[in-house]
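Participant: Structure below; questions to follow.
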Amino acid sequence: METPKIFESEYRFCLILWEHEPIKSSELVSLCKEQLGWKPTTTYTVIKRLSERGVLKNENTVVTSLVSKDEAQAAEINEMVEKTFEGSLPAFIAAFTRHQKLSEKEIDAVQDMIDRYRKGGSR
């Protein structure tokens with residue numbers, strides 16, 4: 001199943017949800033007002049929209065996610081690589097490293113991931 005699209009403002013909402021779930025919708029409204037400056041109607045609209053798209057569920061005023069933060073991030077990266085780099089991960093990495101300085105520690109971490117992947121491990 002494909003991960004539903006989460007747009008930027010919805011993602012900021014989801015960050016709050018992921019940190020506090022399961023959470024009553026009224027508490028979510030308070031957190032969104034405090035952290036995002038949203039009106040209650042905005043929060044309830046986003047809850048409804050994300051529920052309809054299968055990102056979260058709202059049962060008995062308790063909101064929980066159906067899509068994890070990792071799944072949302074992976075879907076966003078996959079879409080960007082597909083759209084911007086014609087699906088080429090090496091082209092993405094080349095563009096990223098041309099404009100971003102990596103520390104030795106970061107390079108080692110990436111190399112460890114590649115080594116584990118080659119050995120058939122995950123992440």
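The values are calculated or read from the model by the stated rules, or taken from the named source; none is laboratory data. What you are looking at is a predicted structure, and each value in this text was computed from that prediction instead of being measured. Ideal geometry is used to build each Cβ from the backbone, glycine not excepted, and the neighbour counts take in all protein chains shown.
Participant: Select, from LYS57, LYS83, the only residue that is of a type in the set (D, E, K, R) and either more than 18 Å from ILE6 (Cα to Cα) or not in a helix (DSSP H, G or I) (or both).
Facilitator: LYS57
Participant: Going by the conditions given, is ILE6 touching a helix residue (DSSP H, G or I) at 6+ places or on another chain (Cβ under 8 Å) and either of a type in the set (A, V, I, L, M, F, W, C) or in the same structural domain as PHE92 (by TED's automatic domain parsing) (or both)?
Facilitator: yes
Participant: Within the stretch 45-78, track down each residue that is more than 13 Å from CYS14 (Cα to Cα), surrounded by 14 or more Cβ atoms within 10 Å (Cβ to Cβ) and over 16 Å from the mean Cα position of the chain (by Cα).
Facilitator: The answer is ASN58, VAL62.
Participant: Separate question: Of the conditions (1) in contact (Cβ under 8 Å) with a residue 60 or more places away in the chain; (2) surrounded by 12 or more Cβ atoms within 10 Å (Cβ to Cβ), ALA95 satisfies every one except a single condition; which number is it?
Facilitator: (1)
Participant: Additional query: Residues of the stretch 1-23 being assigned to a loop (DSSP other than H, G, I, E, B), more than 10 Å from the chain's Cα centre (by Cα) and free of Cβ contacts under 8 Å to residues at least 60 places away in the same chain, which ones?
Facilitator: MET1, GLU21, PRO22
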